[in-house]
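A short write-up of the structure that comes next.
The values are calculated or read from the model by the stated rules, or taken from the named source; none is laboratory data. None of these values were measured; they are calculated from a predicted model. Here the Cβ positions follow ideal geometry from the backbone for every residue, glycine too, while neighbour counts run over all protein chains shown. The protein model used for the area step is the full one, side chains on, heavy atoms only, and it has no ligands, DNA or RNA in it. Shrake-Rupley method; radii C 1.70, N 1.55, O 1.52, S 1.80 Å.
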Amino acid sequence: MVRRVYFDHSATTPVRPEVAEVMQNYLTANFGNPTSLHYFGRQVRKALEEAREKVAAAIGAKPEEIVFTSGGTESDNMAIHGVAMINKNRGNHIITSAVEHHAVINTVKALGKQGFTVTILPVDKYGLVSVEDLANAITDKTILISIMHANNEVGTIQPIEELAAVAREKGIPFHTDAVQSMGKIPVNVDKLGVDLLTISGHKIYGPKGVGALYIRKGTRWRQSLFHGGAQERLRRAGTENVPGIIGLGKACELAVQDLEKESAYLTTLRDKLIKEVMDRISNVRVTGHPTRRLPNHASFCFEFIEGESMLLSLDMKGIAASSGSACTSGSLEPSHVLLAMGIPHELAHGSIRITLGRDNTEADIDYFMEIMPPIVERLRAMSPLDQE
Amino acid sequence: MVRRVYFDHSATTPVRPEVAEVMQNYLTANFGNPTSLHYFGRQVRKALEEAREKVAAAIGAKPEEIVFTSGGTESDNMAIHGVAMINKNRGNHIITSAVEHHAVINTVKALGKQGFTVTILPVDKYGLVSVEDLANAITDKTILISIMHANNEVGTIQPIEELAAVAREKGIPFHTDAVQSMGKIPVNVDKLGVDLLTISGHKIYGPKGVGALYIRKGTRWRQSLFHGGAQERLRRAGTENVPGIIGLGKACELAVQDLEKESAYLTTLRDKLIKEVMDRISNVRVTGHPTRRLPNHASFCFEFIEGESMLLSLDMKGIAASSGSACTSGSLEPSHVLLAMGIPHELAHGSIRITLGRDNTEADIDYFMEIMPPIVERLRAMSPLDQE
Amino acid sequence: MYTDKVMDHFENPRNVGEIADADGVGQVGNPTCGDIMKIYLKIDNDVITDIKFKTFGCGAAIATSSMVTEMAKGKTIEEALKLSNKAVAEALGGLPPKKMHCSNLAADALHAAIENYRDKQK
Ligand SMILES: Cc1ncc(COP(=O)(O)O)c(C=O)c1O
Ligand SMILES: Cc1ncc(COP(=O)(O)O)c(C=O)c1O
Ligand code: FES
Ligand code: FES
């Protein structure tokens, strides 16, 4: 059997056994509808509220500030749409950044077609948004700012404390997408100073198809995506994804418990990986910030070769990684994140992202370093680009 | 230990062990993101598409006509909003019925506040929509008709074939909410003649938090709720709820496999239940249609007493049922469905719904018939209402 | 996503390299779009006697390059000009629909190389 090494933890993570175990019970034995008044319903309602407490505790929030959703995408949509809709009579200006996930950027752009004005803040070569740029972009029509905590493609961690402080001063609601930062660096809504915050189960060793939106008490927000039953105190209609929510609660609890140890461990692995790649392969660039980056995140651009062909070659050797190359998605434009950082098109095509997880070991890195250099060599030998 | 009898299968069902088993694997071992190009992603992509085939086969559709969602509520919203948005330049009239689930009725009402005109068709005393009423309601501005297949509160099955035929003749898209009918009576999109159809996992012994929307090829519909990644061929953004979808696929497969046998079994149980209630308790009315009703569905109104107090009393004896009483929902108005059927307020408050499932037995009915009459008697003895 | 045939050509590409004294060289694509194909031809008596390629691009780009060289080798330039992008994709057992823009390059690169050869003849 081929050796399998999973290096794509920013795309998704396996559900931890402890999480899968607690979920199981809520599929079969404890299956009631939490809305039901009877025993079967009440048992589940109790567990649901315990999960809410766990999620809240993990980010320093109050349980009633947590709304469960179907994932990070829904949370982002719900945050942005809900704030925009309730505030549209006060102003119509939304600020976001050029490196957001599509769940944010496409939602904001859709509002841009519905009478809202959008400012997309640029980033520097490390992918950082500047506090000054944000301060300058704010007008008296600004009703929402959404800037992500950590970037999924390059791992850069934004100075959310400072950005949110600017918003706070002007009384503008601030949303951050913490899908990637959760479980990897501390995420605390008060320390960050944010009003809305998105998390997703499947990036933190929890299940896919469940997420949460934190909405600070007092934030002007209105449920505006779904219509239906009165679940989640009228904030999200539809029978709750109970096993998913139980899983999310457990995953949040474990994530915070293990944060320090895991982050130290992953940092060591990641630094070894980056060092060896830079030492042993020529014409490579690390993308993202050298230090303000997620502990498990290494991303590179390899000159003269294309991302998808690297991924396929790695995959044949059992290594799973990802790329911001346009060719992986069949589009012509490579990652908007890399382009926003000023990386030229041809270099952006050669991007590769290695995101480590708790089951990875030094031996995995060694295996990668055994496999990768010959792949690069082979593909470069095939490349028609001028290599000097 | 108290004996527990679950009689609330219209609220939700336990996940069948066969379904829970296939899901398990997609939490832990097969955890990849179906969008990923590598081995971990491809394995999951394959399973996802197999699940899509199963769901499609169960309703006589083509796999590419199925979009996975977070549940029945999202499917209903997606169907209605998506058709309304793309057709708003052609017309602005939407027709629905007075007995729809809140996921439909509230979505249509929300559109009513955004420039759409809404016709809510009445129902007769059995809860049936009339084909003639529908035909008369259609105008040249009508762009969508949404009428449910079977009602959740009273079990009445609408004449969808005939209703949809009227729509088809005029070229108007027809949506039906088949959340309750799926797995209980045959659901075939071609025989029904519908263009969009909603199903939900947790009502058919599958998991909560997952559903599907069938969209007939060629139907003018546009994704309009979520923005984000390119999942589900641009029809639903967000990382797919893989274990949920796998579970939904399996649940659909089993539902169709067991339909005939199960429906016969449940009909026998239900008929026994209705007969004994009517024989042994006075001043009770069956709500819904006497024959055009779901095989597992028995619903009643008990005069002089109130639904919640019956539920609580039953629950103390381990029996889980539900009610359309306003008091279970904390609102003042009892069920809009019962009122639409012309049931007076005071009677509607005494409603109770017994929905049977595959694990129920005759002994459960016998137990209910042992418990229920004294409860009714006790509550009636307490009631100040004139009882003659 | 890719057929076994595509993966075989990706993993073991035929005719990779350059021809120092090529009779015709053709290049299509650009690095901005993420794909460049360069084809080198050796032509004797209007017959393609040798062909090599270099490609910057995805799995499909590499596989179609490899396939087109295999299909063209030994053909007359008339026959080679009739080779279509579609034929190349079909010979690989098909390509994912998303990859259509890059599957539309390999035959173009071959044709460009033949053009270049003809221009030189003039
Ligand atoms: C930063 C970020 N935001 C949002 C999402 C969307 O989350 P989900 O996949 O749960 O919809 C992702 C992952 O895909 C992400 O990386
Ligand atoms: C008829 C009907 N439609 C829609 C729904 C909503 O489905 P879900 O709970 O999966 O959101 C339900 C159940 O609650 C229902 O009974
Ligand atoms: S009687 Fe108490 S809520 Fe209705
Ligand atoms: S080279 Fe970009 S899609 Fe093939």
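Could you list, in sequence order, the residues of segment B:227-245 that are among the charged types (D, E, K, R) and either within 17 Å of A:L225 (Cβ to Cβ) or surrounded by fewer than 23 Cβ atoms within 10 Å (Cβ to Cβ) (or both)?
Matches in segment B:227-245: B:E232, B:R233, B:R235, B:R236.
Considering every residue within segment B:317-325, establish whether at least one is open to solvent by less than 10 Å² (accessible area, probe 1.4 Å) and either more than 18 Å from A:N33 (Cβ to Cβ) or within 16 Å of ligand 4 (Cβ to nearest atom) (or both).
no
Note down all Cβ pairs under 7 Å where the first residue falls in segment B:323-334 and is facing another protein chain (nearest Cβ under 9 Å) and in a loop (DSSP other than H, G, I, E, B), the second is within 16 Å of ligand 4 (Cβ to nearest atom) and polar (S, T, N, Q), and they're at least six residues apart or on different chains.
No pair meets every condition.
Identify the residue in segment B:17-29 that is open to solvent by 20 Å² or more (accessible area, probe 1.4 Å) and at the interface with chain A (Cβ under 9 Å from one of its Cβ atoms) and, among all such residues, is nearest to the chain's Cα centre (by Cα).
B:P17
I'd like the full set of residues that are of a type in the set (A, V, I, L, M) and closer than 19 Å to B:T13 by Cα, limited to segment B:164-186.
B:A178, B:V179, B:M182, B:I185 - these are the residues of segment B:164-186 that are of a type in the set (A, V, I, L, M) and closer than 19 Å to B:T13 by Cα.
Mind checking whether some residue in segment B:308-331 is within 16 Å of ligand 3 (Cβ to nearest atom) and of a type in the set (D, E)?
yes
If a residue must be under 21 Å from B:L259 (Cβ atoms) and assigned to a helix (DSSP H, G or I), how many such residues does segment B:51-64 contain?
Residues that pass the stated criteria total 9.
For residues that are polar (S, T, N, Q), open to solvent by less than 10 Å² (accessible area, probe 1.4 Å) and assigned to a loop (DSSP other than H, G, I, E, B), tally how many sit in segment B:181-216.
Qualifying residue count, segment B:181-216: 1.
Got a number for residues in segment A:274-315 being open to solvent by less than 50 Å² (accessible area, probe 1.4 Å) and either part of a loop (DSSP other than H, G, I, E, B) or among the β-branched types (V, I, T) (or both)?
Residues flagged as open to solvent by less than 50 Å² (accessible area, probe 1.4 Å) and either part of a loop (DSSP other than H, G, I, E, B) or among the β-branched types (V, I, T) (or both) within segment A:274-315 amount to 14.
If you check C:T55, C:T49, which single one turns out to be farther than 24 Å from A:A326 by Cα and touching a strand residue (DSSP E or B) at 6+ places or on another chain (Cβ under 6 Å)?
C:T49
Away from ligand 4 (no atom under 16 Å from the Cβ), of a type in the set (K, R) and under 23 Å from A:C327 (Cβ atoms) - does that describe any residue in segment C:64-74?
No - not one qualifying residue is present in segment C:64-74.
For segment C:87-104, does any single residue satisfy the condition of being more than 29 Å from B:R233 (Cα to Cα) and away from ligand 2 (no atom under 16 Å from the Cβ)?
No.
If you take the residues of segment B:201-222 that are in contact with a Gly (Cβ under 6 Å, 6 or more places away or on another chain) and more than 16 Å from ligand 2 (Cβ to nearest atom), which of them is nearest to A:L225 (Cα to Cα)?
B:R222
Rundown of residues vs (1) buried (at least 17 other Cβ atoms within 10 Å of the Cβ); (2) at pLDDT below 95; (3) under 25 Å from B:E240 (Cα atoms); (4) touching an Asp or Glu at 6+ places or on another chain (Cβ under 8 Å), yes/no style:
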residue: A:A57; (1), (2), (3), (4): no, no, no, yes
residue: A:S70; (1), (2), (3), (4): yes, no, yes, yes
residue: A:G91; (1), (2), (3), (4): yes, no, no, yes
residue: A:V99; (1), (2), (3), (4): yes, no, yes, yes
residue: A:N106; (1), (2), (3), (4): yes, no, yes, no
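Give the residues of segment B:167-176 that are open to solvent by 10 Å² or more (accessible area, probe 1.4 Å) and either among the basic types (K, R) or not in a loop (DSSP other than H, G, I, E, B) (or both), sorted by residue number.
Of everything in segment B:167-176, those that are open to solvent by 10 Å² or more (accessible area, probe 1.4 Å) and either among the basic types (K, R) or not in a loop (DSSP other than H, G, I, E, B) (or both) turn out to be B:R168, B:E169, B:K170.
So how many residues does segment B:332-342 have that are within 16 Å of ligand 3 (Cβ to nearest atom) and buried (at least 23 other Cβ atoms within 10 Å of the Cβ)?
3
I'm checking my understanding of the structure. Among residues of segment B:343-364 that are surrounded by fewer than 24 Cβ atoms within 10 Å (Cβ to Cβ), charged (D, E, K, R) and away from ligand 3 (no atom under 15 Å from the Cβ), which one is nearest to the other protein chains (Cβ to nearest Cβ)?
Filtering segment B:343-364 for residues that are surrounded by fewer than 24 Cβ atoms within 10 Å (Cβ to Cβ), charged (D, E, K, R) and away from ligand 3 (no atom under 15 Å from the Cβ), the one nearest to the other protein chains (Cβ to nearest Cβ) comes out as B:D359.
For segment A:372-388, what are the residues that are open to solvent by less than 20 Å² (accessible area, probe 1.4 Å) and closer than 14 Å to A:S313 by Cα?
A:M372, A:I375, A:V376, A:L379, A:M382 - these are the residues of segment A:372-388 that are open to solvent by less than 20 Å² (accessible area, probe 1.4 Å) and closer than 14 Å to A:S313 by Cα.
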